[in-house]
Each structure stands twice: as structure tokens, then as C-alpha cells.
Amino acid sequence: MLFRSLKMNKKINFNVKQKMIALSGACFWFWSSFHNFLKSCGVNQRLLDKYPQGIFTKYSAMTNIINDLEELNRIDIIQQMISTFFQMKSPIDGKDILDDIKAKKLLAEFKELVGDDPIEIALQKKETEEKRNLASQEREEQNLKMEKMESLKKDFSAMFQKTDKLQKRGFDLESLFFEILELEEFEFKKPYKSDGEQIDGHFKYEKFDYLVEIKWTNEPSKQSDLSVFDGKIKNKAQSTRGLFLAINGFDQNSIIKFSGNSPHIILMDGQDLMHILEGRISFFDCMKAKVDALVRNGKIFFKITS
């Protein structure tokens, strides 16, 4: 394809240039039409004024303008001129003034010579490059996310080796939980107090606000723990639900007590969290599975399996 020779060179293909010069006389009778064509392609008035009517013909004006554009390395303007000629089907000033058959023959020859519209090809190339860059950026972001999640997994595993008080490990678990939410771009708020009550944080998922309760205890969390959390939720708007993360799970009585009858608490344990940290499931998809179980079956503790 001859248009490829235009790519940031100072000289265009000789045959393409000659066809453009021929077309300048074959497609334009009026100088105003000729100048409007050139202006639409990006040629400025100062360059047009260098080659005025009466001193120059359209052929000689076009020759000089192309040469000047080559010297200025304004290949983009020449490409636009080629593209505009490429898209023309007939002379601008009409068959009653110009030789319509000759003009159409020259346009067909020009189109065959060029092969493809250079602007369209440039746009396609730009679009392809943008898609490639976007894909590369997404891969890079995904790799960074995986690296961060791997780091959080190591932090989580290290918590089990620490001899800190359980309350301290609970605070560390809170921090880790909200780092996961940040990594997955959830809207959230870290621990705060509301009417004297300590709230371990909240986040938004779909149309609900979820209050968060996070506990690190040696034993499964009991019914009394869920009762306190349930009271916090009931004091809020109807669009409020709760997510209770207990590192060692929940006793069966607490699960039975708060399942069914319009449940609004979702339970998560340490194994669920590890599945997320190991990349087996995203937090978003984990929530989707647990919410589906809550809505369809009134099941507040849906275990995530590998």
C-alpha cells in the first residue's frame, strides 16, 4: 500500500503526488472551492496566500503547497488531503462545469493507487494501540493486585503465629479486611462510633449498607455476640445489613437463631477469608454467593468452598 510511504517521511510517493496535482484541476473549477478543500485538510491561510490566483494555476499551487508541507514535515495535513480525495466520488464543482468522466476516472485511479484511506488506517492503528495499552495496563494492575493480595495473605498467616492479645489481633484483622475492600475498590468506612456504639466499619454492596463486626476469639462466636450485632443493625435504616467476620466461625445455635425470618446478617469465617486471600474467589463474588444464599434460602452462613 503506497500510503504507508507517508509515515513520518519528508517526501510522499511521487505517483501519489502527481495524482493529487492532477485532481486539483480536475475536481475544482472555482478557486474558492479549491481553497475550502485545502483549509478543511488543515492548510492555513498564509500558505494559500503564497500562491494566489492569477499568478499560479491550481496545478502549480497544489505542487508548491505539497512541497512546502513536505519541507515543514506536515505529513498529517498531506494525509488528510489524500484521505479527502480518497473519499470523493465526483468533482466538487459539478459535471456541468468540469469533465465529470475524467474526474471520476482520476479519482478511481487515485483510490486504486493509494489502496486504503490513510486516516482510517491511522485511526484503526490508534484504536488498536489504545486497546493494547489498556490491556497492558489492566494486566499490570492485576499483577499488582495479586502481589498485594499475596502480601496480605502472608500477613494473615503471620497473625496466627503471634502471641499478641486476641484484641490486638482483632484490630490487625480489621485493618487487613479494609485493605481487601480498598483493593477491590469498595466504598467503605473504617471503624467509628455511632450513638456511643462501636462499629467496626461499614461498606456498600449493591443497594445495601453493611455494618461490619470483626472478632478474633479462640472459640466460635456465640449467640450473644450476634444478638449485640443484630441490635446495632436494627437501630439503622432498613437498607442496612451486617457482615460478621469471626476468625473461628460460629456455634450452631447462633446460626440457627438468626437464620430464616427476614435475616439481615451474613457470616464469614477465617476459611472464607483465606479463600479470598488465596485468589480462589474475589470478595465481590464471595459476597454475591453469600447474599444469594441469604435471599433464596434464608441461610446466613454459606461456606465458600474451593
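Could you say whether any residue in segment 217-224 is surrounded by fewer than 19 Cβ atoms within 10 Å (Cβ to Cβ), part of a helix (DSSP H, G or I) and of a type in the set (Lys, Arg)?
Within segment 217-224, not a single residue is surrounded by fewer than 19 Cβ atoms within 10 Å (Cβ to Cβ), part of a helix (DSSP H, G or I) and of a type in the set (Lys, Arg).
For every residue, the table says whether it meets (1) in a helix (DSSP H, G or I); (2) at pLDDT 95 or above.
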site	(1), (2)
Phe244	no, yes
Ser254	yes, no
Lys257	yes, no
Gly260	no, no
Pro263	no, no
Ile266	no, yes
Arg280	no, no
Lys290	yes, yes
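Go through Glu112, Glu174 for me and flag whichever is of a type in the set (Asp, Glu) and closer than 28 Å to Pro191 by Cβ. Show your work before the answer.
Numbers: Glu112 fails: closer than 28 Å to Pro191 by Cβ.
Result of the check over Glu112, Glu174: Glu174.
If you scan segment 94-127, which residues turn out to be surrounded by fewer than 17 Cβ atoms within 10 Å (Cβ to Cβ), of a type in the set (D, E, K, R) and under 12 Å from Ala26 (Cβ atoms)?
Passing the criteria: Lys95, Asp99, Asp100, Lys102, Lys105, Glu109.
Within 19 Å of Asp117 (Cβ to Cβ) and modelled with pLDDT under 95, is that true of Gln87?
Working: within 19 Å of Asp117 (Cβ to Cβ): yes; modelled with pLDDT under 95: yes.
Against the criterion (within 19 Å of Asp117 (Cβ to Cβ) and modelled with pLDDT under 95), Gln87 qualifies.
Taking the residues in segment 246-289 that are in contact (Cβ under 8 Å) with a residue 24 or more places away in the chain and of a type in the set (Val, Ile, Thr) as candidates, determine which candidate is farthest from Lys204 (Cα to Cα).
Across segment 246-289, the extreme among qualifying residues is Ile255.
Report yes if some residue within segment 178-199 is hydrophobic (A, V, I, L, M, F, W, C) and over 30 Å from the mean Cα position of the chain (by Cα); otherwise report no. It would help to see each step written out before you state the result.
Our first condition is that a residue be hydrophobic (A, V, I, L, M, F, W, C); within segment 178-199, this holds for 178, 180-181, 183, 186, 188, 199.
Still in the list and also over 30 Å from the mean Cα position of the chain (by Cα): 199.
Yes, because at least one residue in segment 178-199 is hydrophobic (A, V, I, L, M, F, W, C) and over 30 Å from the mean Cα position of the chain (by Cα).
Looking only at segment 171-204, filter to residues that are assigned to a helix (DSSP H, G or I) and touching a residue at least 60 places away in the same chain (Cβ under 8 Å); which one of those is farthest from Lys145 (Cα to Cα)?
First pass over segment 171-204, keeping only residues assigned to a helix (DSSP H, G or I): 171-183.
Filter again for touching a residue at least 60 places away in the same chain (Cβ under 8 Å), leaving 173, 177, 180-181.
Working: Leu173: 19, Phe177: 15, Ile180: 10, Leu181: 12 Å.
Checked segment 171-204; the qualifying residue farthest from Lys145 (Cα to Cα) is Leu173.
Here's the yes/no breakdown for (1) in a helix (DSSP H, G or I); (2) closer than 20 Å to Val16 by Cβ; (3) in contact with a helix residue (DSSP H, G or I) (Cβ under 6 Å, 6 or more places away or on another chain):
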{"position": "His35", "(1), (2), (3)": "yes, no, yes"}
{"position": "Tyr59", "(1), (2), (3)": "yes, yes, yes"}
{"position": "Leu69", "(1), (2), (3)": "yes, yes, yes"}
{"position": "Asn73", "(1), (2), (3)": "no, yes, no"}
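I want to confirm something. Restricting to segment 292-306 and keeping residues that are in contact with a strand residue (DSSP E or B) (Cβ under 9 Å, 6 or more places away or on another chain) and not in a loop (DSSP other than H, G, I, E, B), which single residue is surrounded by the most Cβ atoms within 10 Å (Cβ to Cβ)? If you could, list the steps in order and put the result at the bottom.
So in segment 292-306, the residues in contact with a strand residue (DSSP E or B) (Cβ under 9 Å, 6 or more places away or on another chain) come out as 293-294, 300-304.
Among the residues that remain, those that are also not in a loop (DSSP other than H, G, I, E, B) are: 293-294.
Working: Ala293: 16, Leu294: 20.
This residue is Leu294.
Tally up the residues in segment 139-161 that are under 13 Å from Thr217 (Cα atoms) and either in contact with a Pro (Cβ under 7 Å, 6 or more places away or on another chain) or surrounded by 14 or more Cβ atoms within 10 Å (Cβ to Cβ) (or both), please. Break it down into steps so the answer makes sense when it comes.
Here is the first cut: in segment 139-161, the ones under 13 Å from Thr217 (Cα atoms) are 159-160.
Add one more test, that the residue is either in contact with a Pro (Cβ under 7 Å, 6 or more places away or on another chain) or surrounded by 14 or more Cβ atoms within 10 Å (Cβ to Cβ) (or both), and what stays is 159.
Number satisfying all stated conditions: 1.
Does Gly270 qualify as being touching a helix residue (DSSP H, G or I) at 6+ places or on another chain (Cβ under 7 Å), surrounded by fewer than 21 Cβ atoms within 10 Å (Cβ to Cβ) and either at pLDDT 95 or above or not polar (S, T, N, Q) (or both)? Give the steps one after another, and end with the answer.
Working: touching a helix residue (DSSP H, G or I) at 6+ places or on another chain (Cβ under 7 Å): no; surrounded by fewer than 21 Cβ atoms within 10 Å (Cβ to Cβ): yes; either at pLDDT 95 or above or not polar (S, T, N, Q) (or both): yes.
Answer is no for this residue.
Per-residue answers, yes or no, for (1) assigned by TED's automatic domain parsing to the domain that holds Asp285; (2) surrounded by fewer than 17 Cβ atoms within 10 Å (Cβ to Cβ):
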site	(1), (2)
Glu129	no, yes
Thr163	yes, yes
Phe177	yes, no
Leu181	yes, no
Phe186	yes, yes
Ser194	yes, yes
Gly201	yes, no
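Residues are listed down the side, and each one gets a yes or a no for (1) assigned to a helix (DSSP H, G or I); (2) at pLDDT below 90; (3) surrounded by 13 or more Cβ atoms within 10 Å (Cβ to Cβ); (4) of a type in the set (Phe, Trp, Tyr):
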site	(1), (2), (3), (4)
Phe3	yes, yes, yes, yes
Met20	yes, no, yes, no
Trp29	no, no, yes, yes
Ser32	yes, no, no, no
Leu38	yes, no, yes, no
Val43	no, no, yes, no
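Residues to consider are Phe250, Phe244, Phe283; find the one that is within 31 Å of the chain's Cα centre (by Cα), buried (at least 19 other Cβ atoms within 10 Å of the Cβ) and under 30 Å from Gln161 (Cβ atoms).
On the way: Phe250 fails: within 31 Å of the chain's Cα centre (by Cα); Phe244 fails: within 31 Å of the chain's Cα centre (by Cα).
Going through Phe250, Phe244, Phe283 in turn, the sole match is Phe283.
Got a sec? Which of Tyr59, Tyr51 is aromatic (Phe, Trp, Tyr), surrounded by fewer than 17 Cβ atoms within 10 Å (Cβ to Cβ) and in contact (Cβ under 8 Å) with a residue 12 or more places away in the chain? Can you show your working first?
Details: Tyr51 fails: surrounded by fewer than 17 Cβ atoms within 10 Å (Cβ to Cβ).
Matching residue, one of Tyr59, Tyr51: Tyr59.
Just to check your reading of the model, which residue among Lys148, Lys131 is farther than 29 Å from Lys17 by Cβ, modelled with pLDDT under 85 and assigned to a helix (DSSP H, G or I)?
Values: Lys148 fails: modelled with pLDDT under 85.
From the options Lys148, Lys131, the qualifying one is Lys131.
The values are calculated or read from the model by the stated rules, or taken from the named source; none is laboratory data. Small disclaimer: the values here were computed from a predicted structure and weren't measured. In this analysis, Cβ positions are derived from the backbone assuming ideal geometry, glycine residues included, and neighbour counts consider all displayed protein chains.
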